[in-house]
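The values are calculated or read from the model by the stated rules, or taken from the named source; none is laboratory data. This structure is a prediction, so every number in the text was calculated from the model and none was measured. Counting neighbours? That spans all protein chains shown, and the Cβs are built from the backbone with ideal geometry, glycine included. All accessible areas refer to the heavy atoms of the entire protein, side chains included, with ligands and DNA or RNA removed. Shrake-Rupley method; radii C 1.70, N 1.55, O 1.52, S 1.80 Å.
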Amino acid sequence: MPKSNSPWILGVSASHNGGACLLRGDELVVAIQEERLSRVKRDRVYAAETTACLAYCLDYAGIQPDELSLVVLSVAGSASEGRNNIWRNPFLKLEQNGVSLRVIPHHFAHAVSAFATSGFKEAAVLVVDGRGSPFSDLLPEEQAITSGAADDAEIISLYTASGTSLQPLEKQLVADGDWLSMRPTGMPFFQSLGGIFSAVAQQVFGDPSDAGKVMGLAPYGSCTIPADAFFSLCENRFHFKDVVPKMFADNSRWPSCEEAYKNLACSAQIAIEEALLQLARRLRSLSGSANLCYAGGVALNSIANERIIRESGFENVFITPAAEDSGAALGAAYYGLWQLTGRNTFRSMDRDACGRVYAPAAIAAAIKATPDVCFFKSEDVVADAVELLKSGKMLGWFDGRSELGPRALGQRSIVCDPRRKDAKEILNRRIKKREAFRPFAPVVLLEEVGNWFELDNHDPASPFMLRICKFREDKIREVPAVVHVDLSGRLQTVTRAANGRFYELVKMFFDQTGVPMLLNTSFNVRGEPIVETPEDAIRCFLTSGLDACVFADRIAFKYVRW
């Protein structure tokens with residue numbers, strides 16, 4: 001537990017999927033994305049405005065804003081923009097409360113978030129996303145290694161890290177921050193690596209935020225557009241082209257143009273992989289480090305991540321689970337800790353479980369308040385859940401503290417038997433209510449990974465569901481629900497020490513079936529954030545096709561009305 005005299009440090013990420021993180025000394029007390037509380041997907045946080053994530057963090061800690069030792073702000077965009085003037089925040093009241101403030105650039109916050117939770121004493125750090133802070137907001141040492149006008153924004157950053165210090169090595173900017181240029185008709189123009197997937201997502205699905213769908217669709221297609229149609233590389237800088245957007249001049253959306261869009265997704269995926277390998281290999285050469293930390297929205301691309309792990313030349317790779325903008329809040333908080341204490345404890349994050357704890361009484365009250373739900377208290381909730389899974393039931397699984405990042409890792413999950421041939425179709429159509437091509441992930445016992453996946457002597461650990469591995473040929477038919485069209489799985493590995501009851505669930509299923517994995521997907525339906533509270537879980541359970549919802553000591557069912 002943190003010492004009573006340790007500083008309280010609040011990190012804030014003002015962004016399109018912003019959030020907050022509260023440290024007490026080097027203990028991560030709580031962290032949350034705004035969307036989990038507002039129930040608005042990718043909800044934006046403005047630093048000058050009252051947001052639920054700030055109150056959530058301080059309420060859980062039982063402190064008031066005037067008890068904070070330091071607030072550190074990171075903004076995806078300009079920190080001088082009026083709605084991000086945190087001095088005007090009516091909840092924090094920094095000036096009135098005498099609380100100090102530091103403001104750090106967006107990529108710098110991403111970089112700290114990855115390094116501070118990696119456990120490495122030194123590392124190279126890579127940050128890649130759509131865009132970050134403008135040149136005018138960069139630290140002096142960052143401005144010194146690049147050139148640009150005040151409004152040019154960072155899109156790629158390379159750092160080296162040691163102790164409590166990050167030194168920028170290279171940084172690439174986009175002119176006027178114009179990373180994605182929407183058009184009335186046709187695919188947007190892009191000027192960043194993150195912009196490639198956003199542009200493709202807009203063209204295919206009508207939403208630039210649907211980059212994850214592009215990754216899921218890519219294995220269905222063929223690479224018909226070469227990487228050099230998306231960008232060229234000259235003197236280690238990317239120059240983005242309009243060739244591909246000009247190939248797609250109308251606003252047809254999926255499932256129209258099915259073949260062309262499958263091939264577009266595949267081509268964009270391979271282009272991103274080639275670009276990231278170039279960056280990672282250059283960073284390996286520049287830094288001399290054997291350790292890589294990686295963050296930014298593009299770091300959620302699990303296919304590219306696997307190639308970085310296997311082909312970049314780094315011996316150890318840590319990809320932070322909250323790689324997208326909520327993770328910048330974590331980086332902001334740790335930077336504040338370094339400034340106040342001058343020390344890094346090099347504590348590695350092995351589990352993404354940053355939300356508050358909901359007591360059994362709160363769960364019971366939420367169930368009792370819902371007339372369409374009944375429950376029974378379980379003497380052995382894991383054993384009862386395994387019996388339901390073996391009988392073909394699909395379960396909501398609500399356990400412990402929620403994840404900060406966008407992957408459900410066993411605290412806010414939907415789980416089912418991966419042996420079911422119809423599970424993918426049922427989950428996508430009846431429960432998740434999303435496109436039929438979307439894959440589902442296997443959560444697997446760490447000690448069994450090598451028996452089921454082709455690792456080629458690489459580290460089997462994947463605790464944050466940020467890697468893609470091919471299934472062994474002799475195992476593919478055993479778990480059809482979690483094998484993607486390219487015979488891969490976006491695996492999550494679990495251990496007893498890190499994952500507790502979720503590990504026990506998978507282990508007992510293994511003991512009784514011989515299959516050391518379950519299908520694990522996020523506890524939400526299309527268009528909604530992952531559930532946070534017991535009330536959210538029950539609401540999602542009732543409005544979806546789930547068969548039951550498992551809590552810490554009870555299992556909820558729907559009343560059957562005759």
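For the stretch 483-509, how many residues are within 30 Å of Ala218 (Cβ to Cβ) and not in a helix (DSSP H, G or I)?
The qualifying residues number 12.
Right, Ile414: crowded, with 20+ Cβ neighbours inside 10 Å, at pLDDT below 95 and touching a strand residue (DSSP E or B) at 6+ places or on another chain (Cβ under 8 Å) or not?
Details: crowded, with 20+ Cβ neighbours inside 10 Å: yes; at pLDDT below 95: no; touching a strand residue (DSSP E or B) at 6+ places or on another chain (Cβ under 8 Å): yes.
Taking the combined requirement at face value, the residue does not satisfy it.
Residues of the stretch 9-32 being open to solvent by 10 Å² or more (accessible area, probe 1.4 Å) and not in a loop (DSSP other than H, G, I, E, B), which ones?
Within the stretch 9-32, Arg24, Glu27, Leu28, Val29 meet the criteria.
Do we find that Ala361 is assigned to a helix (DSSP H, G or I), in contact with a strand residue (DSSP E or B) (Cβ under 6 Å, 6 or more places away or on another chain) and either open to solvent by less than 50 Å² (accessible area, probe 1.4 Å) or not aromatic (Phe, Trp, Tyr) (or both) in this structure? Before the answer, list the steps.
Numbers: assigned to a helix (DSSP H, G or I): yes; in contact with a strand residue (DSSP E or B) (Cβ under 6 Å, 6 or more places away or on another chain): no; either open to solvent by less than 50 Å² (accessible area, probe 1.4 Å) or not aromatic (Phe, Trp, Tyr) (or both): yes.
Against the criterion (assigned to a helix (DSSP H, G or I), in contact with a strand residue (DSSP E or B) (Cβ under 6 Å, 6 or more places away or on another chain) and either open to solvent by less than 50 Å² (accessible area, probe 1.4 Å) or not aromatic (Phe, Trp, Tyr) (or both)), Ala361 does not qualify.
Scan (1) touching a residue at least 24 places away in the same chain (Cβ under 8 Å); (2) buried (at least 17 other Cβ atoms within 10 Å of the Cβ); (3) more than 20 Å from Phe523 (Cα to Cα); (4) among the charged types (D, E, K, R) for the single condition Lys470 breaks and write down its number.
(1)
Quick one: how many residues across the stretch 214-256 are of a type in the set (A, V, I, L, M) and open to solvent by less than 60 Å² (accessible area, probe 1.4 Å)? Can you show your working first?
Start the filter on the stretch 214-256 by keeping residues that are of a type in the set (A, V, I, L, M), which leaves 214-215, 217-218, 225, 227, 229, 233, 243-244, 247, 249.
When the remaining residues are screened for being open to solvent by less than 60 Å² (accessible area, probe 1.4 Å), the result is 214-215, 217-218, 225, 227, 229, 244.
Here the count works out to 8.
Working only within the stretch 364-390, note down all residues that are open to solvent by 60 Å² or more (accessible area, probe 1.4 Å) and either of a type in the set (D, E, K, R) or out of contact with any Lys or Arg (no Cβ under 6 Å at 6 or more places or on another chain) (or both). Spell out how you get there, then give the answer.
Taking the stretch 364-390 first, the residues open to solvent by 60 Å² or more (accessible area, probe 1.4 Å) are 368-369, 371-372, 375-377, 379-380, 387, 390.
Lys368, Ala369, Pro371, Asp372, Phe376, Lys377, Glu379, Asp380, Glu387, Lys390, listed by residue number.
Any residue at all in the stretch 518-531 that's among the aliphatic types (A, V, I, L, M) and part of a helix (DSSP H, G or I)? It would help to see each step written out before you state the result.
Within the stretch 518-531, the subset among the aliphatic types (A, V, I, L, M) is 518-519, 525, 530-531.
When the remaining residues are screened for being part of a helix (DSSP H, G or I), the result is none.
No: zero hits.
Do you know which of the residues in the stretch 33-45 that are open to solvent by 50 Å² or more (accessible area, probe 1.4 Å) and touching a helix residue (DSSP H, G or I) at 6+ places or on another chain (Cβ under 7 Å) is farthest from Asn5 (Cα to Cα)? I'd like the intermediate steps shown before the answer.
Kept after step one, since they are open to solvent by 50 Å² or more (accessible area, probe 1.4 Å), are these residues of the stretch 33-45: 39-42, 44.
Next, only the ones that are touching a helix residue (DSSP H, G or I) at 6+ places or on another chain (Cβ under 7 Å) stay: 41-42.
Values: Lys41: 37, Arg42: 36 Å.
The extreme case among them is Lys41.
Taking the condition of being free of Cβ contacts under 8 Å to residues at least 12 places away in the same chain and within 17 Å of Asp474 (Cα to Cα), how many residues in the stretch 444-459 meet it?
So the count comes out to 1.
Given the criteria crowded, with 19+ Cβ neighbours inside 10 Å, touching an Asp or Glu at 6+ places or on another chain (Cβ under 7 Å), touching a residue at least 60 places away in the same chain (Cβ under 8 Å) and of a type outside the set (Asp, Glu), does Ile530 qualify? Break it down into steps so the answer makes sense when it comes.
Details: crowded, with 19+ Cβ neighbours inside 10 Å: yes; touching an Asp or Glu at 6+ places or on another chain (Cβ under 7 Å): no; touching a residue at least 60 places away in the same chain (Cβ under 8 Å): yes; of a type outside the set (Asp, Glu): yes.
Taking the combined requirement at face value, the residue does not satisfy it.
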